[in-house]
Amino acid sequence: MDIKNKITNFLETGISSWTGERIVRYPIRGNPVFLELLELYKETLNYDNVTTFFECGTYNGNNAGDFSNVFEKVITAEVSKILWRNAVATHRSKEKIIFLNGDATTELRKYLIGNPNERMVILLDDHVGHHSFIREELETIAKNSNADHIIIIDDVDQLGKGTYPPLEEIVELVNGMNERYVMERSNHKLLIYIPLEHNL
């Protein structure tokens, strides 16, 4: 089964890491919002050679838990030792997940340097209040990767507040990576990808 069908199958029949119960759909709390976003754009997303999900900001590990039902490898980085330890304890049975305790930008850079040609789904979701690391993470992807990725940025409603870059800066950073990237905004999330037809 390909990733697109795995996502839909999990959303229709899976158990949520957030609730421990059958998955519910948006806007009910506890739904797998990032997987729903990927499903929403499944007709134009290109998953060729994509088997890894990389998450910047583990928090409670539930996003990683949900993604581990779809992707072969899930890597999630969390700087807080307490959050990291709790997430590992909660999801220790999910063998596909690699939990990293460290700065997410640094961990993403290290992984990309070691795997510059690997395509991934990357979630940028680590922040403390209005202190965000989106700018640094996008720059890290631009400088250390030779591949195009499917990138999700969370909390787009916060752009321009604190250290969240404004949307115009994100557009500039993304265009600097590859002008074929498009951006879709949905439910306070930004999906960045090169449409399937552009890869044919």
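The values are calculated or read from the model by the stated rules, or taken from the named source; none is laboratory data. As the structure is a prediction and not an experimental result, all values here were calculated from the model. Here the Cβ positions follow ideal geometry from the backbone for every residue, glycine too, while neighbour counts run over all protein chains shown.
If the condition is being among the acidic types (Asp, Glu) and outside any helix (DSSP H, G or I), then the stretch 105-139 contributes Glu118, Asp125, Asp126.
Every listed requirement among (1) of a type outside the set (A, V, I, L, M); (2) surrounded by 15 or more Cβ atoms within 10 Å (Cβ to Cβ); (3) within 18 Å of Asp103 (Cβ to Cβ) is met by Tyr181 save one, (3).
Close contacts from the stretch 148-177, counting a first residue that is among the polar types (S, T, N, Q) and a second that is part of a helix (DSSP H, G or I), with Cβ to Cβ under 8 Å and a gap of 6+ residues or different chains, come to Thr163/Arg135. The condition of being β-branched (Val, Ile, Thr), outside any helix (DSSP H, G or I) and under 15 Å from the mean Cα position of the chain (by Cα) holds for only one of Thr58, Thr44, Thr19, that being Thr58.
Which of the residues spanning the stretch 9-42 are under 19 Å from Met183 (Cα atoms) and out of contact with any helix residue (DSSP H, G or I) (no Cβ under 8 Å at 6 or more places or on another chain)? Residues satisfying the conditions are Val33, Leu37, Leu40, Tyr41. When only residues in the stretch 111-162 that are in contact with a Phe, Trp or Tyr (Cβ under 8 Å, 6 or more places away or on another chain) and of a type in the set (Ser, Thr, Tyr) count, which is farthest from Val79 (Cα to Cα)? Once the filter is applied, the top-ranked residue is Tyr111.
Restricting the stretch 1-49 to residues that are in contact (Cβ under 8 Å) with a residue 40 or more places away in the chain and touching a Lys or Arg at 6+ places or on another chain (Cβ under 6 Å) leaves a set whose member that is surrounded by the most Cβ atoms within 10 Å (Cβ to Cβ) is Leu37. Within the stretch 65-88, residues that are farther than 24 Å from Ile23 by Cβ sit with their Cβ atoms under 6 Å from residues that are acidic (Asp, Glu) and crowded, with 20+ Cβ neighbours inside 10 Å, at 6+ positions apart or across chains, in these pairs: Ala77/Glu107; Trp84/Glu78. Scanning the stretch 65-104 for residues that are surrounded by 17 or more Cβ atoms within 10 Å (Cβ to Cβ), charged (D, E, K, R) and in a helix (DSSP H, G or I) yields one hit, Asp66.
Listed conditions (1) modelled with pLDDT of 95 or more; (2) within 17 Å of Phe67 (Cβ to Cβ) are all met by Pro116, apart from (2). Look at Asp126 and say whether it is closer than 15 Å to Tyr59 by Cα, under 16 Å from the mean Cα position of the chain (by Cα), crowded, with 20+ Cβ neighbours inside 10 Å and not aliphatic (A, V, I, L, M). Spelling it out, Asp126 is indeed closer than 15 Å to Tyr59 by Cα, under 16 Å from the mean Cα position of the chain (by Cα), crowded, with 20+ Cβ neighbours inside 10 Å and not aliphatic (A, V, I, L, M).
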